[in-house]
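Remarks on the structure that follows.
Bear in mind these aren't lab numbers, they're just calculated from the coordinates by the rules spelled out. Here the structure is a predicted model, which is why all the values come from computation and not from measurement. We place every Cβ from the backbone using ideal geometry, glycine too, and count neighbours over all the protein chains shown.
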Amino acid sequence: MPTIIVHGGAGLVDLARLPGCQKGCARAAGAGWAILDGGGSALDAVEAAVRALEDDPEFNAGVGAVLNREGAIEADASVMLGDLRAGAVGAVPWVRHPVTLARRVMEAGEHLFLVGEGAVAFARERGIAQEKPEAMVTERARARWERERAGRAAPSATGDTVGACARDGDGRLAAATSTGGISFKRPGRVGDSPILGAGNYADDEAGAASATGHGESIMRVVMAKEAIDRLRAGATAQAAAEAAVAELMRRTAGEGGIILVDRAGAIGRARNTAAMPWHAFVDGREQSDG
């Protein structure tokens with residue numbers, strides 16, 4: 001059955017902001033569901049959903065992403081299909097829709113993962129222009145950076161990555177993940193989001209997953225692949241999600257969360273953080289944490 005689930009990042013969300021984040025996830029899931037409901041592909045659905053999140057200043061992806069130590073946005077993103085095709089970008093400055101750039105890398109077929117200025121050059125070749133800082137930096141992100149630079153606030157422990165997983169009517173699976181990374185990070189830092197098996201993974205034989213949280217911890221346990229392997233071994237979608245988060249805690253004491261869709265279209269989601277807004281359409285029926 002056609003299914004899409006999206007998340008808006010695992011971490012500590014101000015209660016005043018949580019309703020806006022939940023609504024943003026609902027809009028993003030709706031954008032993806034409209035494609036699936038019209039007979040479209042899982043890839044198109046997850047890209048549309050993540051683009052909606054990248055356009056929403058409530059989330060740490062695209063517009064509104066956190067700033068690094070130099071006051072710049074550097075983004076990471078990846079897409080992966082259940083046939084194991086994939087594309088990823090890392091430490092890409094001032095790109096509004098890194099998820100689309102990751103898809104273009106996959107479609108080009110030459111390489112799987114491009115970073116930094118190499119990814120920027122590729123983006124130009126594909127007609128994807130860099131944005132001006134004033135078009136992407138929100139007042140909230142700038143104020144946070146000012147506090148961190150002055151030593152009045154500690155950098156975030158989690159990246160509040162966004163992501164989507166989908167199964168289309170033909171049984172194809174896809175996952176997409178996008179993030180601005182950890183606030184006040186060193187320039188050039190790349191987290192888990194573009195790392196296949198860590199922050200993003202899809203396999204038509206088992207399921208699709210998108211992880212969120214502390215990237216260095218998620219990479220150590222290859223969290224998305226951990227969840228997919230649990231599905232492959234016969235776990236339910238919910239049990240696989242919970243087991244992946246439990247493994248993250250057991251091995252690294254890291255904070256994070258995960259969403260996933262199994263090969264039949266069932267969803268799972270789990271977190272060990274204060275919040276992880278999410279929204280789903282499962283065969284047309286809406287589900288959410290709100």
Exercise for the section: Report the residue, chosen from E74, E242, E125, that carries the largest GNM mean-square fluctuation when the chain is represented by alpha-carbon nodes joined by springs under 10 Å. Expected result: E125
Problem - Charge dipole magnitude, Cβ of K and R +1, D and E -1 - region 3-288, Cα centre, debye nearest 20 - result: 740
Handout entry: Mean ellipticity per residue at 222 nm, deg cm²/dmol - from DSSP H runs of n ≥ 4 across the chain, formula -39500 (n - 2.57)
Key = -11000 deg cm²/dmol
Practice task
Treating the angle as unsigned and between 0 and 90°, give the value, to the nearest 10°, between the Cα long axis of helix 42-55 and the longest Cα principal axis of the chain.
Solution key: 30
Handout entry: Overall form of region 25-136 per C-alpha gyration tensor (a/c, 1.5; a/b vs b/c)
Key = oblate
Problem - Choice from I182, I35, I259 with maximal GNM fluctuation in the chain (Cα, 10 Å cutoff) - result: I35
Exercise for the section: State, as an integer percentage, the relative contact order of region 148-238 based on alpha-carbon contacts under 8 Å between residues 6 or more apart. Expected result: 27
Completion exercise
Here the relative contact order (percent) of the chain, from C-alpha pairs under 8 Å and at least 6 apart, is 26
Exercise for the section: With springs only between Cα atoms under 10 Å apart, run a GNM on the chain and tell me which of E255, E107, E134 wobbles the most. Expected result: E134
Problem - Which label in (1) 0.97; (2) 1.23; (3) 0.89 gives the computed Cα Rg over 2.2 N^0.38 Å - result: (3)
Handout entry: Formal net charge of residues neighbouring I228 (Cβ-Cβ distance under 12 Å; K, R +1; D, E -1)
Key = -2
Problem - Net charge, F184 excluded, C-beta distance under 11 Å - Lys, Arg +1, Asp, Glu -1 - result: +4
